[in-house]
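**Q** Pasting a structure below so you can have a look.
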Amino acid sequence: MQFADPQEARDFLSAHPEVRSIELMLIDANGIPRGKLLHRDELLAIYENGRPLPSSILALTVQGEDVEATGLVWEVADADCWTYPLPGSLTLQPWRSTPTGQLQVSMHPTQGLPATPADPRHTLVRVIDRLKADGLHPVMAVELEFYLLDKQRDANGRPQPALQMNGVRPQAPQVYGVYELEQLQPFLDDLYAACETQGLPVRTAISEYAPGQVELTLEHRFDALQAVDEGIRYKRLVKGVANKHGLQACFMAKPFGDLAGSGMHMHVSLADAEGNNLMASEDPQGTPLLRHAIGGMMTTLNDALAIFCPNANSFRRFQANSYAPLAKSWGVNNRTVSFRVPGGPAKSRHIEHRICGADANPYLAAAAILAGIHKGIREQVDPGLAIIGNGYEQATEFLPTDWLTALRSLEQSDWAREALGEDFLKVFLAIKWTEYRQFMGEVGEQDWRWYLNHA
């Protein structure tokens with residue numbers, strides 16, 4: 001695990017004498033940033049000596065409640081565990097009303113014990129390291145859909161799409177509508193400016209398939225860990241910029257039952273050490289390596305589904321003719337399947353993993369995807385024939401569509417214990433089983449209230 005050089009802090013403090021506070025954030029099992037707001041005088045010491053955070057910070061439900069069954073609360077006396085800064089993560093939060101910095105930390109491999117195994121970023125690092133040991137360098141990009149909502153609820157107390165600049169509340173999907181993007185110009189201008197400040201490679205903006213739903217693409221990175229780090233920071237940024245505009249950015253998988261869900265599409269290919277795409281081929285179906293990668297993701301899909309779809313609401317996204325997948329299927333230039341090989345020139349050949357909801361933790365989703373790919377390549381798993389045409393009509397092996405089945409599959413998976421780490425899986429499952437019991441006992445059908453403020 002590589003941590004940042006203290007010179008980074010000295011340079012930042014020198015360049016930004018106006019900054020008085022710094023948001024320190026660690027990403028928990030649900031992908032939620034947890035941490036503290038620090039005074040600038042505390043920054044350099046974090047780089048030099050680390051910063052302790054309680055072990056329980058990685059043992060929390062989506063509501064921020066301790067989960068004792070993780071083993072990270074009372075039985076370890078909620079011990080201090082040392083975190084250190086990640087290189088390149090110290091930046092500004094330009095959406096704040098006063099100049100504020102932002103710093104992402106991760107648990108130290110030894111000083112962070114006993115919480116270190118529960119750090120989701122460590123899980124991804126281990127999977128990437130195993131691929132690189134076999135000469136396979138994962139290249140990734142994160143694509144997140146979200147809704148822009150009013151902070152004001154409708155007459156029934158339910159969330160509603162934000163008003164446009166013209167004072168009209170959108171009602172129709174208007175997918176790919178350029179006028180709809182124009183109506184979001186103040187928000188998008190600030191979002192692009194904030195991304196530039198933080199060095200996030202945000203590119204195309206799209207009006208998605210529902211009123212108030214938006215997607216911005218992030219450029220792919222040769223360093224998969226960097227790509228996922230950027231996806232995490234982008235999500236934090238979107239929420240911050242939306243809040244500045246009096247809006248709420250919602251990454252819930254299915255906030256509206258009758259409208260499109262929000263997905264997190266993960267684009268992935270494999271390169272050699274020089275950056276040459278090992279999936280590149282004039283054949284639109286790619287190389288055998290690409291097909292084995294898909295085969296591995298198919299084989300491990302049920303085991304990993306609780307990672308890709310970590311909440312009860314996540315499964316409401318799976319509906320026919322909704323652009324969300326329903327089955328273990330793949331195809332070329334086909335948005336009705338789970339694993340899509342986009343068109344384009346041979347050198348750009350890659351896989352788009354379309355299963356995750358926008359509520360998934362990007363670190364864990366990427367880890368499960370890459371571990372599945374590694375299994376498929378090592379075992380040369382055949383994915384079967386590519387789907388041509390409407391994958392919804394040709395579906396045979398459907399995905400489980402309930403949270404309970406997915407949690408049981410993950411709990412019983414030998415592959416997941418090996419790929420993601422037994423210690424991590426114990427913590428993650430303890431958290432999700434606690435949430436499942438709370439959801440079943442207290443929330444019932446009103447699950448949108450449960451996740452809206454945290455997704």
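**Q** Restricting to the stretch 205-232, count the residues that are open to solvent by 30 Å² or more (accessible area, probe 1.4 Å), at pLDDT 95 or above and farther than 20 Å from His137 by Cβ.
**A** Selection size over the stretch 205-232: 0.
**Q** Hey, any hits in the stretch 5-23 for a residue that's within 30 Å of Leu429 (Cα to Cα) and either at pLDDT 95 or above or surrounded by fewer than 20 Cβ atoms within 10 Å (Cβ to Cβ) (or both)? Show your work before the answer.
**A** Here is the first cut: in the stretch 5-23, the residues within 30 Å of Leu429 (Cα to Cα) are 23.
Pick out the ones that are also either at pLDDT 95 or above or surrounded by fewer than 20 Cβ atoms within 10 Å (Cβ to Cβ) (or both) and you get 23.
Scanning the stretch 5-23, I find at least one residue that is within 30 Å of Leu429 (Cα to Cα) and either at pLDDT 95 or above or surrounded by fewer than 20 Cβ atoms within 10 Å (Cβ to Cβ) (or both), so the answer is yes.
**Q** Okay, next question. Find the helices (runs of 4 or more DSSP H) located wholly in the stretch 338-411 whose residues include 1 or more that are touching a Phe, Trp or Tyr at 6+ places or on another chain (Cβ under 8 Å), over 20 Å from Pro310 (Cα atoms) and not acidic (Asp, Glu), and list them.
**A** On the way: elements: 362-379, 391-394, 403-411.
Counting at least 1 such residues, we get 362-379.
**Q** Quick check on this structure: which one of Asp80, Asp41 is under 15 Å from Gly112 (Cβ atoms), open to solvent by 20 Å² or more (accessible area, probe 1.4 Å) and not hydroxyl-bearing (Ser, Thr, Tyr)? Please lay out each step first, then the result.
**A** Working: Asp41 fails: under 15 Å from Gly112 (Cβ atoms).
After ruling out the rest, the residue left standing is Asp80.
**Q** Considering only residues of the stretch 135-171 that are aliphatic (A, V, I, L, M) and part of a loop (DSSP other than H, G, I, E, B), which is surrounded by the most Cβ atoms within 10 Å (Cβ to Cβ)?
**A** Within the stretch 135-171, the first condition is being aliphatic (A, V, I, L, M), and the residues that meet it are 136, 139-142, 144, 148-149, 155, 162-163, 165, 168.
Add one more test, that the residue is part of a loop (DSSP other than H, G, I, E, B), and what stays is 136, 155, 162-163, 165, 168.
Working: Leu136: 20, Ala155: 6, Ala162: 24, Leu163: 17, Met165: 11, Val168: 9.
The qualifying residue surrounded by the most Cβ atoms within 10 Å (Cβ to Cβ) is Ala162.
**Q** Can you report the number of residues in the stretch 341-364 which are in contact with a strand residue (DSSP E or B) (Cβ under 8 Å, 6 or more places away or on another chain) and under 16 Å from Val139 (Cβ atoms)?
**A** Counting residues in the stretch 341-364 that are in contact with a strand residue (DSSP E or B) (Cβ under 8 Å, 6 or more places away or on another chain) and under 16 Å from Val139 (Cβ atoms) gives 10.
**Q** Within the stretch 99-117, how many residues turn out to be part of a loop (DSSP other than H, G, I, E, B) and either at pLDDT below 95 or in contact with a strand residue (DSSP E or B) (Cβ under 6 Å, 6 or more places away or on another chain) (or both)? Talk me through it step by step, then tell me what you get.
**A** Here is the first cut: in the stretch 99-117, the ones part of a loop (DSSP other than H, G, I, E, B) are 99, 108-115.
Imposing the further condition that a residue be either at pLDDT below 95 or in contact with a strand residue (DSSP E or B) (Cβ under 6 Å, 6 or more places away or on another chain) (or both) reduces the set to 108, 111-112, 115.
Residues flagged as part of a loop (DSSP other than H, G, I, E, B) and either at pLDDT below 95 or in contact with a strand residue (DSSP E or B) (Cβ under 6 Å, 6 or more places away or on another chain) (or both) within the stretch 99-117 amount to 4.
The values are calculated or read from the model by the stated rules, or taken from the named source; none is laboratory data. Because the structure is a prediction, the values reported are computed rather than measured. Cβ sites come from the backbone with ideal geometry, for glycine too, and all protein chains shown count toward neighbours. Areas reflect the complete protein model, heavy atoms only, side chains present, ligands, DNA and RNA absent. Shrake-Rupley method; radii C 1.70, N 1.55, O 1.52, S 1.80 Å.
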